1. What about residue 73, is it within 24 Å of residue 213 (Cα to Cα) and not hydrophobic (A, V, I, L, M, F, W, C)?
2. Considering the range 83-137 alone, what residues qualify as being free of Cβ contacts under 8 Å to residues at least 60 places away in the same chain and hydroxyl-bearing (Ser, Thr, Tyr)?
3. Out of the residues in the range 127-161 that are in contact with a Ser or Thr (Cβ under 6 Å, 6 or more places away or on another chain) and within 14 Å of residue 188 (Cβ to Cβ), state the one that is modelled with the highest pLDDT.
4. Can we say residue 114 is β-branched (Val, Ile, Thr) and assigned to a helix (DSSP H, G or I)?
5. What's the number of the condition residue 110 fails, among (1) farther than 26 Å from residue 183 by Cα; (2) buried (at least 16 other Cβ atoms within 10 Å of the Cβ)?
6. Is it the case that the range 83-95 has a residue that's modelled with pLDDT of 95 or more and closer than 21 Å to residue 174 by Cβ?
7. Out of all the residues in the range 172-185, is one or more modelled with pLDDT of 95 or more, in contact with a strand residue (DSSP E or B) (Cβ under 6 Å, 6 or more places away or on another chain), of a type outside the set (Asp, Glu) and more than 21 Å from residue 87 (Cα to Cα)?
8. What are the residues in the range 219-235 that are within 13 Å of the chain's Cα centre (by Cα) and in a helix (DSSP H, G or I), if any?
Amino acid sequence: MSPSEALAVRLRLLAVRARRLPPPDHRNPEAFHEARDELGADIERLARAGHERGALVVSDNTFATPVNCNPIELGADLVVHSATKYLGGHEDAMGGVLCGKRALVERVFRYREITGASLAPDAAYLLLRGMKTLALRVRQQNASALAVARFLREHPAVASVHYPGLEDDPGHEIARRQMRGFGGLVSFQLPGGLDAVGQFLRRLRIAQCAPSLGGVQTFVGPPATTSHVECTPEQRAQLGIPEGLLRYSVGIEDTEDLIDDLSHALRAVGRGSPARSHAVGRQRGNGRTGLHAGRRRG
């Protein structure tokens, strides 16, 4: 059974009818990325388009968290979270969360009863404990991520910065309209590809090279060896992911300490002031592989 056939079976068990919205023209990569960037951020617009076609709209709010964004208020029917990330916040428990109208959630609950997938008591306890400090952690991560993004934008060794909190970011207006904070994930590109990335990672003292995100520690890693490790360089290029891109998940450390750490590591990366561009980065997933050669413990 193929993955799409397995998904269809699960949807039938849930009494959910799935419809695919008309895709953009995949023969034109530029048009595809433009449509993805335009549609991917505007939850209200996507929800309206889905409902016009009779579809249920599910929003993954893992990166934003309920502190920064509430997709149900923007029209989504269901919201999912990888609780392993920000909700738990300590990289010590795995789980997921589904939120929405009772009638919809009960369908999933009944399906879970049949198939298993019950959360272990110790993991449930750790996630509940983590959520007690969620608002405090996210507020610190919001503030530090914005400061880090502004620092990187001005650094001559950085080619581009992707963070919706930057005022000149293409996604800033949409993010400002639907979010109370801009989140703790920043991505930026180093000229020089993976060689430059390796030099940079080996000199970090606080941020740790790891494929996860959303925790109290700052994690950094290139999609080329984490979330998109199974793609070829050509496939990553088609997706708009250069080899020198880094995903930087801001923790709750002191903001100035993080900036000093970045400044120290960037001294190793080449010279010059490449042209900058700012766009919202959307690297998804936490991957399965990390660059351990560059790992440093703060």
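The values are calculated or read from the model by the stated rules, or taken from the named source; none is laboratory data. Keep in mind it's a predicted model, so treat the numbers as computed, not measured. As a convention, Cβ positions derive from the backbone with ideal geometry for all residues, glycine included, and neighbour counts pool all protein chains shown.
1. Against the criterion (within 24 Å of residue 213 (Cα to Cα) and not hydrophobic (A, V, I, L, M, F, W, C)), residue 73 does not qualify.
2. Once the filter is applied, which keeps residues that are free of Cβ contacts under 8 Å to residues at least 60 places away in the same chain and hydroxyl-bearing (Ser, Thr, Tyr), the range 83-137 yields 115, 118, 125, 133.
3. Restricting to residues being in contact with a Ser or Thr (Cβ under 6 Å, 6 or more places away or on another chain) and within 14 Å of residue 188 (Cβ to Cβ), the top hit is 147.
4. yes
5. (2)
6. yes
7. Taking every residue of the range 172-185 in turn, none turns out to be modelled with pLDDT of 95 or more, in contact with a strand residue (DSSP E or B) (Cβ under 6 Å, 6 or more places away or on another chain), of a type outside the set (Asp, Glu) and more than 21 Å from residue 87 (Cα to Cα).
8. Residue satisfying the conditions is 223 alone.
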